[in-house]
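This report refers to the structure that appears directly beneath it.
The values are calculated or read from the model by the stated rules, or taken from the named source; none is laboratory data. Remember, it's a predicted structure, so these values are computed and weren't measured experimentally. Methodologically, a virtual Cβ is constructed for each residue, glycine included, from the backbone with ideal geometry; neighbour enumeration extends over all protein chains shown.
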């Protein structure tokens, strides 16, 4: 197993907060893998430290499984996203979960904001909002351009966020992040939305309500509007077919366009769930075993 970070297990360690998945459980799973004979090499960025071709041609591996996830964050492209106090949810959660930024002696600090806006309505947005509260924020808002019935987060995640005091600013869309003192966030301009006819996704399309502009008083903004697969492996692996949006193309067994190169999880589907990624890994493992046993 080649892991880019200094600790194995990817998003289970850096993305999912302790209150949702205790790290002791993850550590136990890793020890089980080691006991089964799995060798784990950390600080290996496949595509940079070593390539897929080098793994097969120089290191002697007969098959490769790519499970690199979808860790490339998306931003809205609005003015002010480069201000201090603006984070992608990935960075925000990684600093807290992996780098322990909540500690006073942390070498990877984080801004302890008083009023936080989390843009997005998925499970990651709920994780970021609840983590911000635990860092001491007085007010945390979920800002989402559709209504509650359209929230992509699981119902229980929304319920837990509400129970903990997260404020939901639904049918609201950010248009600009305002600059405050010393280059920090000084607020966020928003507009109210209404829902029109369904769009290509089948959900009702959000439409701007005329004359509804207002400023949300916040000093930190976290973008949790989705992620896409990191292009590093795609760009360094010749003959590896991908979708236009970056996902690796694989068949029902995880086999890609390259012989004996398999892929699964978010690297193939785009951002989804851990359990689906685990299922894809097991399916590909069975296919790899069958192929190499011929």
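Looking at the range 60-130, the strands (runs of 3 or more DSSP E) lying wholly inside it that each contain 1 or more residues that are under 22 Å from residue 219 (Cα atoms), at pLDDT 95 or above and under 13 Å from the mean Cα position of the chain (by Cα) sit at 86-88.
For the condition on the phi > 0 side of the Ramachandran plot and either free of Cβ contacts under 8 Å to residues at least 12 places away in the same chain or not assigned by TED's automatic domain parsing to the domain that holds residue 132 (or both), what is the one hit in 246, 183? Can you show your working first?
Details: 183 fails: either free of Cβ contacts under 8 Å to residues at least 12 places away in the same chain or not assigned by TED's automatic domain parsing to the domain that holds residue 132 (or both).
The conditions single out 246.
Residues are listed down the side, and each one gets a yes or a no for (1) within 17 Å of residue 153 (Cβ to Cβ); (2) outside the structural domain of residue 189 (by TED's automatic domain parsing); (3) surrounded by fewer than 17 Cβ atoms within 10 Å (Cβ to Cβ):
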{"site": "84", "(1), (2), (3)": "no, no, yes"}
{"site": "107", "(1), (2), (3)": "no, no, yes"}
{"site": "115", "(1), (2), (3)": "no, no, no"}
{"site": "118", "(1), (2), (3)": "yes, no, no"}
{"site": "121", "(1), (2), (3)": "yes, no, no"}
{"site": "124", "(1), (2), (3)": "yes, no, no"}
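Please verify whether residue 198 is free of Cβ contacts under 8 Å to residues at least 12 places away in the same chain and farther than 16 Å from residue 87 by Cβ, treating the condition exactly as stated. Taking the combined requirement at face value, the residue satisfies it.
Could you grab me the full set of residues in the range 218-238 that are part of a loop (DSSP other than H, G, I, E, B) and surrounded by 14 or more Cβ atoms within 10 Å (Cβ to Cβ)? Walk me through it before giving the result.
Keep residues of the range 218-238 that are part of a loop (DSSP other than H, G, I, E, B), which gives 218-219, 224-226, 229-231, 237-238.
Matches in the range 218-238: 218, 219, 224, 225, 226, 229, 230, 237.
Is it the case that some residue within the range 132-147 is within 27 Å of residue 202 (Cβ to Cβ), touching a helix residue (DSSP H, G or I) at 6+ places or on another chain (Cβ under 6 Å) and not in a strand (DSSP E or B)? No - not one qualifying residue is present in the range 132-147. In the set (1) out of contact with any helix residue (DSSP H, G or I) (no Cβ under 8 Å at 6 or more places or on another chain); (2) over 19 Å from residue 120 (Cβ atoms); (3) modelled with pLDDT under 95, the condition left unmet by residue 35 is number (3). Residue count for the range 153-175, restricted to those that are surrounded by fewer than 16 Cβ atoms within 10 Å (Cβ to Cβ) and under 18 Å from residue 75 (Cα atoms): 1. Scanning for something in contact (Cβ under 8 Å) with a residue 40 or more places away in the chain, surrounded by 12 or more Cβ atoms within 10 Å (Cβ to Cβ) and over 22 Å from residue 227 (Cβ atoms), does the range 19-29 turn up at least one residue? For the range 19-29, residues in contact (Cβ under 8 Å) with a residue 40 or more places away in the chain, surrounded by 12 or more Cβ atoms within 10 Å (Cβ to Cβ) and over 22 Å from residue 227 (Cβ atoms): absent.
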